[in-house]
Structure formats: structure tokens, C-alpha cells
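First the structure, in the form of C-alpha cells, and then the observations on it.
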Amino acid sequence: MRWQIGGIGVGVAVGWNIALLGPIATRLARDYGVSLTTIGLFVTVQFVVHMLMQVPGGRAADRFGARTSTLVGLGLILAGNGVSLVAPQPALAFLGRAVVGLGTGFALVGGSDYIRARGGSPLLQGVYGGGSVLAPGVAVAVVPQLADWLGWRASYLSAIVVVAVCATLLAIAPGADRTVRHADEHLDGGLFLDRRLYGLGAIHAMSFGFSVIVGNWVVTLLEHHGYSRSSASIAGALTLVLGFFTRVAGGALLRRADAWRWVAASLVLGGAGAILLALPLPFWALVVASAVVGLAAGVPFAMAFTGAAKARPDAPGAAVGFINAWASLAIVAGTPLVGLTFSLPGDGRIGFIAVGVLAALAALATPR
């Protein structure tokens, strides 16, 4: 039981650091003296580094053991948030988010590989993935409330507490064996030539990556269109929290021969939900749309991670890192672009419509 708790805790720790800044973006922009687009760039820097570390992080898990590489990653996340706490200076925020991205690059892939190496099932992988979206969903709801007490430091202090607890749980958990046959020096090229991984990368990018983009900006979107911060936070949290349940269900779904149909349908529904959030609907309808986005975004996770590890048994950690890098790329490109649309007509609505359409189109890439 200790290893299950320790492994799932990694997903929670990484997830908490995914959507920390968006829920209080307006306040951060004021305290840092920058625009909302710059706040989006803080997130972009984190995910650029996170993206670049996916395959190296996976290779580290394969070579040195998943538990060891993951603990290193969690330590880096703690350090990065500590840097950002010093003062509300953009340079420190950029540096801190870069260090956090370095840590999440090691930890997210390492945590998944730890569960695989300990013999975890696709269902447990779904629970792990569920934790990584439940945590940012809770953060979307909680961080704005903490900001009333802690100010601009709310995001960073909450992350330090959550990561410290989860790192302790993993530290007291048993270790995991390294991959028996580590990939050779040509691994990276082999991953880029493996067509099986591209479909998995596409569905992961437009489910996980999509939900992070929406989760980072949905509170700001609703606030700009007349809703209170507390109401917007509750609705926005649903875009991430509910993915916990469908990531778990997605693991069980893999036993079905028609699992791909459910995954494809989830991408279409998630895209439709984002488009509805951009429309001038009653608040109850926006809450429903947020729930649809959250539920739909979790379904493809287990297929993506389990499928990648099975496709490359010689280097499962690196394969998972490769497909996760595509989600990171979507976040890197999409987060600041959606932030930029808040300065265009519609005050953010164009960005939500665009990501919704792309998510729906990703259904065409679902592996059968």
C-alpha cells in the first residue's frame, strides 16, 4: 500500500504546480506590474523546460530507477517555488518556473514509471493520472481564497506544502527496479520514427494539454465576463477536478475492444465544452460546460500512457516522456496565445473557441 500511495502522491504534487498562476492571474499581473500575457509566459517558461525534460526524465527513470529520479524532480519543484517566493519580481518568477519545469519533467514521467515498475495496472495508472488533474482542479478553487490571506505568495506557498508532503510519502515507499534492458544511444531517433507514438501523443496533447490551457484561463474568462471570483473559481475547478474520475474510468475502459471510440468521443465532447464556455450563456450552462470539459479530458490518459509503455518495452519511461512532451508543447504554445486573445475582441472567447476546435479534431488521431 505504501508504494501505491507514494506513487499517486507524485501525480498530486506535479498536478498542483500545473495551474497555480492562472486562477489569480489578474492579481499577479497587478502585484508584478505586468500584463496578463506576461503571467501566461511564466507558465510557458515552466512548460518549455518541462517539455524539454520529458525524454531525458524518462531515460533517467529507466537508467537510475523511477523512485530516485522522481525524488530528484520533487526536490527541484520545491526549490523553484522557493525562488519565486523571494519577491514579486518577473525575473525571479521566470527563474522559479523554469526550475519547477525541470522538476516536473523528471517527476511526472518518473511517477508513472514507478507505478509501472511496481506492477501497477492500467487502472492504477488512471488513478495516478487522476491525481495529477484532481490537484490542479483543487488548486483552481483554493488558491484564489488563499490569496486573500497570503497575497501573491499563495500559489508558491501552497505548492511547497503539497510537494513536501508528497515527497515524504514517496521517500518512505519501497524502491522500484530499473528497466532490465535500457535503450541504446539511438533511442531518441527511434522514438521519433515510431509512428505508434504520434497518435498517442496527439490524444494526450489535446486532452491533458487542452485541460491545462482551459484550467489556467477559465477563471479569468468568467471574471472578465461579469462573474464573481468565487463563482468563477468553482466553475473553473470543474475543468480539472472531474478529470480524476474519468482518468480512473479510462484505465478500466481499456479492457473494452471499442475503447478507441470512447476516447475519440471524449475529445469531441471536450472541445464542444470549451466552445460553450466562450458563449454568452447563463451561469448554470457554463458550469455544465466546465463539467463536460473536465470529464472528457480525463478519458484518453490511460490509453496514452499505458500504450506508450507497451509500445516501447525497451524504454517505457522514455516513451511515456515522448508522448507527454507533445502535451507540454500544446501548453507551451497554447497558454500564452489564449492569454493574448484577452486583448482581442471577445475578451478571451476567441482563444477558447480555437482550442475547442483543435481538441475535437484530435479525435481523428485516436489509435484503434
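The values are calculated or read from the model by the stated rules, or taken from the named source; none is laboratory data. Given the structure is predicted, the values throughout are model-derived calculations rather than measurements. Cβ coordinates were reconstructed from backbone atoms using ideal geometry, including for glycine residues, and neighbour counts include every protein chain displayed. For accessibility, only protein heavy atoms count, side chains too; no ligands or nucleic acids. Shrake-Rupley method; radii C 1.70, N 1.55, O 1.52, S 1.80 Å.
Only one residue in GLN89, GLN125 is more than 30 Å from LYS310 (Cβ to Cβ) and either out of contact with any helix residue (DSSP H, G or I) (no Cβ under 9 Å at 6 or more places or on another chain) or of a type in the set (S, T, N, Q) (or both). Which one? Spell out how you get there, then give the answer.
Numbers: GLN125 fails: more than 30 Å from LYS310 (Cβ to Cβ).
Sole residue among the options that is more than 30 Å from LYS310 (Cβ to Cβ) and either out of contact with any helix residue (DSSP H, G or I) (no Cβ under 9 Å at 6 or more places or on another chain) or of a type in the set (S, T, N, Q) (or both): GLN89.
Which numbered condition trips up PHE47, out of (1) open to solvent by 10 Å² or more (accessible area, probe 1.4 Å); (2) part of a helix (DSSP H, G or I)?
Among (1) open to solvent by 10 Å² or more (accessible area, probe 1.4 Å); (2) part of a helix (DSSP H, G or I), PHE47 violates only (1).
Specify which of the listed residues (PRO316, PRO336, PRO282) is more than 23 Å from TRP260 (Cα to Cα), touching a residue at least 40 places away in the same chain (Cβ under 8 Å) and not acidic (Asp, Glu). Break it down into steps so the answer makes sense when it comes.
Numbers: PRO316 fails: more than 23 Å from TRP260 (Cα to Cα); PRO282 fails: touching a residue at least 40 places away in the same chain (Cβ under 8 Å).
Answer to the selection: PRO336.
Identify, from the list LEU242, LEU279, LEU269, LEU222, the residue that is out of contact with any helix residue (DSSP H, G or I) (no Cβ under 7 Å at 6 or more places or on another chain), farther than 24 Å from GLY58 by Cβ and of a type in the set (A, V, I, L, M). Steps first, answer last, please.
Working: LEU242 fails: out of contact with any helix residue (DSSP H, G or I) (no Cβ under 7 Å at 6 or more places or on another chain); LEU269 fails: out of contact with any helix residue (DSSP H, G or I) (no Cβ under 7 Å at 6 or more places or on another chain); LEU222 fails: out of contact with any helix residue (DSSP H, G or I) (no Cβ under 7 Å at 6 or more places or on another chain).
Exactly one residue qualifies, and that residue is LEU279.
Run ASP347 past the list (1) more than 23 Å from GLY130 (Cβ to Cβ); (2) assigned to a helix (DSSP H, G or I); (3) over 20 Å from the mean Cα position of the chain (by Cα); (4) in contact (Cβ under 8 Å) with a residue 12 or more places away in the chain and report the number of the one that doesn't hold.
(2)
Could you tell me which residue of the stretch 322-368 is least open to solvent (accessible area, probe 1.4 Å), considering only residues that are on the phi < 0 side of the Ramachandran plot and charged (D, E, K, R)? Can you show your working first?
Kept after step one, since they are on the phi < 0 side of the Ramachandran plot, are these residues of the stretch 322-368: 322-345, 349-368.
If we keep only those that are charged (D, E, K, R) too, we end up with 349, 368.
Values: ARG349: 66, ARG368: 217 Å².
Among them, the one singled out is ARG349.
Go through (1) under 23 Å from GLY209 (Cα atoms); (2) surrounded by fewer than 20 Cβ atoms within 10 Å (Cβ to Cβ) for LEU21 and report which single condition fails.
Only one criterion is unmet by LEU21, namely (2).
Restricted to the stretch 106-134, and to residues that are open to solvent by less than 10 Å² (accessible area, probe 1.4 Å) and among the aromatic types (Phe, Trp, Tyr), which residue is farthest from LEU74 (Cα to Cα)?
TYR128
Which one of GLY40, GLY75, GLY103 is open to solvent by less than 30 Å² (accessible area, probe 1.4 Å), in a helix (DSSP H, G or I) and either of a type in the set (A, V, I, L, M, F, W, C) or modelled with pLDDT of 90 or more (or both)?
GLY103
Inside the stretch 310-319, can you point out the residues that are open to solvent by less than 10 Å² (accessible area, probe 1.4 Å) and part of a helix (DSSP H, G or I)? Even if it seems obvious, please write down each step before you answer.
Going through the stretch 310-319, the residues open to solvent by less than 10 Å² (accessible area, probe 1.4 Å) turn out to be 315-319.
Listed by number, the residues that qualify are PRO316, GLY317, ALA318, ALA319.
Can you confirm whether GLY307 is open to solvent by less than 10 Å² (accessible area, probe 1.4 Å), in a helix (DSSP H, G or I) and in contact (Cβ under 8 Å) with a residue 24 or more places away in the chain?
Details: open to solvent by less than 10 Å² (accessible area, probe 1.4 Å): no; in a helix (DSSP H, G or I): yes; in contact (Cβ under 8 Å) with a residue 24 or more places away in the chain: yes.
Answer is no for this residue.
Would you check if VAL263 is over 24 Å from GLY236 (Cβ atoms) and more than 17 Å from the chain's Cα centre (by Cα)? Full working, then the answer.
On the way: over 24 Å from GLY236 (Cβ atoms): yes; more than 17 Å from the chain's Cα centre (by Cα): yes.
Answer is yes for this residue.
Taking the condition modelled with pLDDT of 90 or more and open to solvent by 20 Å² or more (accessible area, probe 1.4 Å), does PRO282 pass?
On the way: modelled with pLDDT of 90 or more: yes; open to solvent by 20 Å² or more (accessible area, probe 1.4 Å): yes.
In short, yes.
Determine which member of the set ALA93, ALA25, ALA19 is touching a Leu at 6+ places or on another chain (Cβ under 9 Å), in contact (Cβ under 8 Å) with a residue 40 or more places away in the chain, within 24 Å of THR341 (Cβ to Cβ) and not in a helix (DSSP H, G or I). Break it down into steps so the answer makes sense when it comes.
Working: ALA93 fails: not in a helix (DSSP H, G or I); ALA25 fails: not in a helix (DSSP H, G or I).
One residue alone meets the criteria, ALA19.
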